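Step one of this worksheet: look at the structure below.
The values are calculated or read from the model by the stated rules, or taken from the named source; none is laboratory data. The structure presented is a predicted model; accordingly, all values stated were derived computationally and were not measured. A quick note on method: Cβ atoms are made from the backbone with ideal geometry, for glycine too, and the neighbour counts reach across all protein chains shown. Protein only, heavy atoms only, side chains kept; ligands, DNA and RNA dropped before computing areas. Shrake-Rupley method; radii C 1.70, N 1.55, O 1.52, S 1.80 Å.
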Amino acid sequence: MFRFLKANFQAFGRHWSVYVLLVVSINLVLTSLIVPGLTWGVNRLLVVNGIGYLTYTNFVSVLTKHPLVLISLVLLVLLICGLVYIQMAFLFRQIKRIQEQTPASQWQLLKQSGHDLLTLKPLTMLIMIGYFLLILPFGQIIFKSILLNKVTIPAFIIQDMWTTPKIWGPIILVYTLALILSIRLITFLPETIFNKKLSTTRLLQKCWQTTRGRFWRLLIKVGVLAIAITLVGVLSQLLFFNLQRYYDQNLPHYALLLAILNLFILEIISQILLAMSIVMILQLILKQAGYLVPSETRVKVILKQRSLRIRMRQGAAMLLLILVAAGVALYDYAYLEGAMDNRPALISHRGVDDGNGVQNTIPALQKTAREKPDYVEMDIQETKDHQFVVMHDNNLEELTGVNRTVHELTLAELTALTVRENGYSAKIPSFDQYLTAAEKAHQ
């Protein structure tokens with residue numbers, strides 16, 4: 001496995017400047033043009049139709065009252081899947097071209113990638129959409145697509161699902177099937193790009209046969225690549241975090257300037273690691289599909305012949321990284337200095353500040369309000385008699401020692417209980433009591 005990692009890092013390092021230029025440029029276009037455009041379109045669609053928000057709680061209402069809105073949102077999801085396919089086709093073609101050193105212009109490859117989408121058979125296109133939706137839980141590991149990450153289930157819904165033990169079995173089963181299929185069909189995209197003559201059925205059969213007996217090997221390889229790159233990123237962040245802590249304690253007059261410098265360096269590292277992660281995973285998929293067989297001898301000859309061009313690309317890659325990192329650093333500086341309209345909002349999580357009381361209780365709220373935060377965040381749950389208390393945990397055992405859920409007790413029973421945390425104790429407040437205390441504290 002060490003040899004596998006070494007080979008992949010070397011393959012990336014040989015053409016690092018081209019890959020960095022490629023990935024950073026694509027992400028800049030996506031984050032500055034495509035994603036804002038799609039976000040604006042969704043917001044306008046909801047505003048025009050008088051819909052304040054869209055989630056699973058009002059889905060049926062929107063479906064019955066605004067069917068055209070849902071149709072439009074479905075079309076938007078299809079558009080995102082199409083753009084993701086073009087992005088992936090472009091990256092696959094670029095990696096293949098770079099590794100095999102075949103001539104092709106960027107515009108030519110982009111047109112070919114768009115043509116790849118338009119020439120998909122209807123059934124293959126349908127399966128492609130299903131494949132993207134299938135790998136959503138693992139999309140950040142396999143493809144790291146900014147667009148694909150926009151089509152996801154909100155984290156709070158996933159968290160809420162995991163708090164219901166009755167559906168743990170189905171959730172685990174769905175995740176397991178998604179993992180198995182995402183690995184067994186890992187060559188699906190390159191096959192649709194480079195092997196258009198195959199029928200949809202034959203294409204799926206070939207993908208299944210290609211990964212037969214290699215599931216665990218592929219899973220370990222993908223996992224090792226993801227873990228190795230993540231580890232490098234985490235170690236980098238820990239290093240600069242500890243450096244900044246030293247600066248804050250020993251060089252307070254220069255701490256802000258050094259913080260901006262640290263963020264600048266970390267942004268360069270993160271962009272390189274992002275390019276490395278995307279390229280290595282897609283390169284692994286291409287090799288597994290049999291579409292990437294670079295000639296080492298040819299690469300060495302070309303490297304000697306094009307040393308000037310390579311140095312120019314390396315310079316361009318470093319310049320792009322510096323510009324991106326500098327832009328982020330300037331934004332961070334303006335943000336931290338309060339020079340922007342959207343200054344940081346101070347929000348007290350669960351109404352406490354540095355362990356000054358028990359979460360979601362009135363004494364903690366009163367102490368925290370003296371610090372004048374912009375907002376105090378609290379959690380509300382419904383009681384057995386359909387009243388409301390301020391409480392985060394569904395089960396009361398951790399804070400009260402009572403192994404019951406909030407929904408099993410009445411308001412009177414809950415407000416009689418004592419919660420303990422951080423060396424403090426207090427009664428569970430009702431929602432009305434908590435709001436009254438907040439108003440008195442001018443919070």
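Rounded, prolate or oblate: pick one for region 381-440, where a ≥ b ≥ c are the square roots of the eigenvalues of its C-alpha gyration tensor, a/c under 1.5 means rounded, and failing that, prolate if a/b is larger than b/c, else oblate. Oblate, because a/c is 1.5 or more while a/b does not exceed b/c. Ordering Arg202, Arg184, Arg420, Arg245 by accessible surface, largest first, gives Arg420, Arg245, Arg202, Arg184; the 1.4 Å probe counts only protein heavy atoms, with every chain in place. Ignoring the sites themselves, the chain has its longest run without GluC sites (Glu not before Pro) in a DSSP loop having at most 15 other Cβ atoms within 10 Å at 1-336. Full extension of the chain between Phe59 and Ile220 yields a length gain of 54.1 nm, computed as 0.36 nm times the residue separation minus the alpha carbon distance.
Can you bin region 165-219 into rounded, prolate or oblate? Criterion: square roots of the alpha carbon gyration tensor eigenvalues sorted a ≥ b ≥ c, rounded for a/c under 1.5, prolate for a/b above b/c, oblate for the rest.
Working: a/c = 3.34, a/b = 2.18, b/c = 1.53.
It comes out prolate by the Cα gyration axes.
When nucleic acids and ligands are ignored and a 1.4 Å probe is applied, Leu126 ends up with an accessible area of around 120 Å². The value of relative contact order for region 315-443, using C-alpha pairs under 8 Å at least six residues apart, is 22 percent.
Would you list Arg3, Arg212, Arg44 from the most to the least accessible area, probe 1.4 Å?
The most accessible residue leads, giving Arg3, Arg212, Arg44.
Cα centroid separation, region 21-98 to region 252-289: 25 Å. For the chain, the solvent-accessible area of protein heavy atoms averages 57 Å² per residue (probe radius 1.4 Å; ligands and nucleic acids excluded).
Expressed as a rounded percentage, what relative contact order does the chain have, with Cα pairs under 8 Å and six or more residues apart? Each step should come with its number before you reach the end.
Numbers: 425 pairs, mean separation 62.3, N = 443.
Answer for the chain is 14 percent.
Dividing the radius of gyration of the alpha carbons in the chain by their Kirkwood radius gives 1.02 for Rg/Rh.
Modelled this way, with points 7 Å down the Cα-to-C-beta line, the labels at Ile171 and Met312 are 5.5 nm from one another. With the cut-off at 1.5 for a/c, could you classify region 176-302 from its C-alpha gyration tensor as rounded, prolate or oblate? Since a/c reaches 1.5 and a/b is larger than b/c, the shape of region 176-302 is classed as prolate. Backbone phi angles across region 91-103, fed through the Karplus curve with coefficients 6.51, -1.76 and 1.60 (θ = phi - 60°), yield HN-Hα couplings of 5, 4, 5, 5, 4, 4, 5, 5, 5, 8, 6, 9, x Hz in residue order; Gly and Pro are listed as x. The gain in end-to-end length when the Arg420 to Leu257 segment is fully stretched comes to 54.5 nm, 0.36 nm per residue minus the alpha carbon separation. For Phe2, Phe92, Phe194, the ranking by accessible surface with the largest value first comes to Phe2, Phe194, Phe92, using a 1.4 Å probe.
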